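Computed from the coordinates by the stated procedures, all read-outs in this text should not be read as laboratory data. The shown structure was predicted, so the numbers you read here are calculated from the model rather than taken from an experiment. Glycine also receives a Cβ, built like all others from the backbone with ideal geometry; neighbour counts cover every protein chain displayed.
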Amino acid sequence: MLVHRGRDVMGFPLETRRELLQDALQKVTYPVLHCVPFNAKPVDLIRAAKELELEGVVAKRKGSRYEPGRRSAAWLKFQLKRSQEFVIGGYTLGSNPFDALVAAAVVVLPWLIGVLLAYPTAIAGTIDNF
């Protein structure tokens, strides 16, 4: 929760913002799943996340404030599955309109080199290959 009833709460501790969120969602009739804090050793949480085949674990320091526009040392992400974000920098349409939309795509991985994105390769295939 970043704003509660028109009031900026980003400077409030994590636990207070969590309470405000639960209060704000009391009258919601559809199911809402809340992230429950765990008081466990990081190694145990990571082991459990691996067993459940989760993407990873996000650890937030108790009492931490939300810091917009920056990566805070109070919030850590432990990524368990290896992946890479990419941008489709261009495409060509397939020859048959009933085929998949993309016949070939240019994939640009967001590796910053100065202020430029690196261009590692082009990938040919249909959109359902991605």
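May I ask for the net charge around M1, where only other residues with Cβ less than 13 Å from the Cβ of M1 are counted and Lys, Arg are +1 while Asp, Glu are -1? Before the final figure, lay out the partial values.
Details: positive: R5, R7, R17, R18, R65; negative: D8, E15, E19, D23.
Once positives and negatives cancel, what remains is +1.
For the stretch 43-51, just list the computed ³J(HN,Hα) in residue order, Karplus coefficients 6.51, -1.76 and 1.60, θ = phi - 60°, integers in Hz, with x standing in for Gly and Pro.
With coefficients 6.51, -1.76 and 1.60, one gets 4, 5, 5, 5, 4, 5, 4, 5, 4 Hz.
Under a Cβ-Cβ cut-off of 9 Å, what is the net charge of the residues other than L76 that fall near it, where Lys and Arg count +1 and Asp and Glu count -1?
It works out to a net charge of +3.
Could you give the alpha-carbon Rg of the stretch 3-79 over 2.2 N^0.38 Å, rounded to two decimals?
It is 1.27.
Any chance you could run the full-extension gain for E53 through A74? It's 0.36 nm times the residue separation minus the Cα-Cα distance, nm to one decimal.
5.1 nm
Check cross-link reach from K81 to the lysines: straight Cα distance under 19 Å, and skip same-chain residues fewer than eight apart.
K81 reaches K50.
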